[in-house]
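Step one of this worksheet: look at the structure below.
What follows draws every value from the coordinates through simple rules; no lab data is involved. On a predicted model such as this, the values are computed, not experimentally measured, just so you know. Glycine also receives a Cβ, built like all others from the backbone with ideal geometry; neighbour counts cover every protein chain displayed.
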Amino acid sequence: MATLRQTCEALDGILRLPPSAARGHAQRLRAAGYLPTSQGYPGQISSEHIAAVLIAIAVGSPVITDYINMRSGNGGPTFGKVLAGFVEKPNDVLEVVVDTLAPGASVTFRGADHGVQTIAFYPPSPKPRPAFDRDVRLGPEILIRLHAAIATAPEVRAGRPRLRDRFTRIS
């Protein structure tokens, strides 16, 4: 797994966002308590936190609680956990659609029986919504490229570089 900084840089490149756009969302999530604070220590970020940053990019940071905690009508895991599972193993996902105007999302994927399945997530109490739709669609190529970027991220060392590395960079 990658650090938060490496993940945000990968998200900026994959989603074609301006530089540091994903980092701004991550900093707002960290201030709200959704992401762990580890100042000075480049620790790895979990897939649940990557899913939270993805949702924050799609809908905005202030309403992220409504989206992360949505459940499907059949019960089961929350939308945040399902999206985190597809961040870790994106091979079976076909499409993730997030409604940006009212809390709602759907995930289309290849099921265990190799058939196409869709899970719809919505809040327990419906909220009023406008007559038009505005959706964010995340295709499989986005999650696959994100998984590849996270898996190939170089390890980050805390502290000063080793003496040998400092002198080899100069020459």
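Helical content of the chain, expressed as a calculated mean residue ellipticity at 222 nm, amounts to -12000 deg cm²/dmol (DSSP H runs of 4 or more residues, -39,500 (n - 2.57) each, divided by residue number, nearest 500).
Backbone phi angles across the range 58-63, fed through the Karplus curve with coefficients 6.51, -1.76 and 1.60 (θ = phi - 60°), yield HN-Hα couplings of 6, 10, x, 6, x, 9 Hz in residue order; Gly and Pro are listed as x. When 156, 87 are arranged by Cβ crowding within 10 Å, least crowded first, meaning fewest neighbours, the order is 156, 87. Peptide packing for 100-113, 47-60 was compared via the average number of neighbouring C-beta atoms within 10 Å per residue; ordered from the highest value, the list is 47-60, 100-113. Per-residue 3J(HN,Hα) values for the range 83-92, derived from phi via the Karplus relation 6.51 cos²θ - 1.76 cosθ + 1.60 with θ = phi - 60°, read 5, 5, x, 7, 5, 6, 10, x, 5, 9 Hz in sequence order (x marks Gly and Pro).
Highest first, please rank the peptides 140-149, 117-126 by the mean number of other Cβ atoms sitting within 10 Å of their residues. Present the calculation step by step, with values, prior to reporting the outcome.
On the way: 140-149: 16.9, 117-126: 13.8.
Answer by packing, highest mean first, reads 140-149, 117-126.
Take the Cβ atoms of residue 133 and residue 44, set R0 to 30 Å, and the FRET efficiency comes out at 0.25. Amide H to amide H, with H built 1.01 Å from N, residue 35 comes under 5 Å of 30, counting only residues 5 or more places away or on other chains.
Among 116, 98, 82, determine the one that fluctuates most according to a GNM of the chain built with springs between C-alpha atoms less than 10 Å apart. Highest fluctuation among the options: 116. Counting neighbouring Cβ atoms within 10 Å and putting the fewest first, the residues 72, 20 line up as 20, 72. Sequentially through the range 22-36, phi angles give Karplus couplings (6.51, -1.76, 1.60; θ = phi - 60°) of 5, 5, x, 5, 5, 5, 5, 5, 5, 5, 7, x, 7, 10, x Hz, Gly and Pro residues having no value and appearing as x. Each label point was placed 7 Å from the Cα along the Cα-to-Cβ direction; for residue 74 and residue 101 their separation is 2.9 nm.
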